[in-house]
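What follows is a set of notes on a single structure, which appears directly below.
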Amino acid sequence: MWSALQGRVSNRLARHFRAAPHRLPAHAPMVSFTFDDAPDSAAGEGAALLEQHGGRGTYYLAGSLIDRPSDHWHGLSNDAIVQLHRAGHEIACHTFSHQSSATLDEAAMAREIERNRSYFRGIDASITLENFAYPYGIASVWRKPQLAKTFRSARGILPGVNSGVIDLQFLRASPLVDCEIDKAGIDRYFDEAVASGGWLIFYGHDVAEAPSPYGCTSRLMRHALEAAQRRGMPIVTVAEALRRIGA
């Protein structure tokens, strides 16, 4: 039976087993802002801030959480998803039921993916889920090769800038979360991205004046967006970033 310890071991192994190595070409640095699960504020305040700064975000959604309340927020609606999609934001994939990848065998993972894809096709037939994020940030060394056949990329929550040879099935992402990072920490990540010519990815959940332990204030997000603009870094979706690096 799967245990939390087994999940941690699998996640740690997944960091070192490159399922899809890819060398970033020499290019100008860029940044992606991503949101996990389905807080309505990420589709509201989060999307509005991105658009004000000329950017678009990637939303990793689980169909089972849509329009549902949680302990920290209310899930975004089908209408909000369509609005995000039509505004140029990327709709991307979690597992449908938000189960950890480490708990799923191959058949169960395939069912989760297909159920999620079917759900979002039902909202808008033009929504295609090209990229994946591991629920809870827990990757599985066993599921990575399976995901590599299904998605262009998979994103974790191991902080740092993606540079040099990266694993497309274990993209690094740093928290845009008030209780985990401050403005100075954000600036350090941007400076590292500029120095390496790398791809910086942020992840978060809600965007609110009193955010959950997993979200950020609009002030912190605005600081990150302005930091990108000051450095001339394009703010792009994960799908667009992959296109730019030829992945």
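Rule-based calculations on the coordinates, nothing more; no lab input. Since the model is a prediction, treat every value here as computed from it, not as a measurement. Positions of Cβ are backbone-derived with ideal geometry, glycine not excepted, and every protein chain shown enters the neighbour counts.
Numbers at a glance
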read-out: Gaussian network model of the chain, Cα within-10 Å springs - most flexible of GLY204, GLY232, GLY44; value: GLY232
read-out: DSSP beta bridge pairing in the chain, given as percent antiparallel to the nearest 5; value: 20
read-out: Label-point separation, ALA87 to ALA28 (7 Å along Cα→Cβ), nm; value: 2.5
read-out: For region 149-190 and region 85-130, distance of Cα centres in Å; value: 21
read-out: Estimated distance in nm for a label pair at ARG244 and ASP67, the labels positioned 7 Å out from Cα along Cα-to-Cβ; value: 3.5
read-out: Dipole magnitude (debye, nearest 20) for region 1-245, charges at Cβ of Lys, Arg, Asp, Glu; value: 980
read-out: Options (i) 20.9; (ii) 12.1; (iii) 14.7 - which one matches mean projected area of the Cα convex hull in nm² as calculated here; value: (ii)
read-out: Antiparallel content of DSSP bridges confined to region 44-160, in %, to 5; value: 10
read-out: Listed residue (ALA80, ALA241, PHE33) projecting farthest to the positive dipole end of the chain, Cβ model; value: ALA241
read-out: Interchain or long-range residues, amide H under 5 Å from TYR203's placed H; value: THR34, SER174, LEU176
read-out: Top positive-direction residue, dipole computed over region 1-245 with Cβ charges, set SER97, SER140, ILE157; value: SER140
read-out: Qualifying GluC sites (Glu not before Pro) in region 153-247, DSSP loop, other Cβ atoms within 10 Å at most 10; value: GLU209
read-out: Length released on extending from ARG115 to ARG222, taking residue separation times 0.36 nm less the Cα-Cα span; value: 35.0 nm
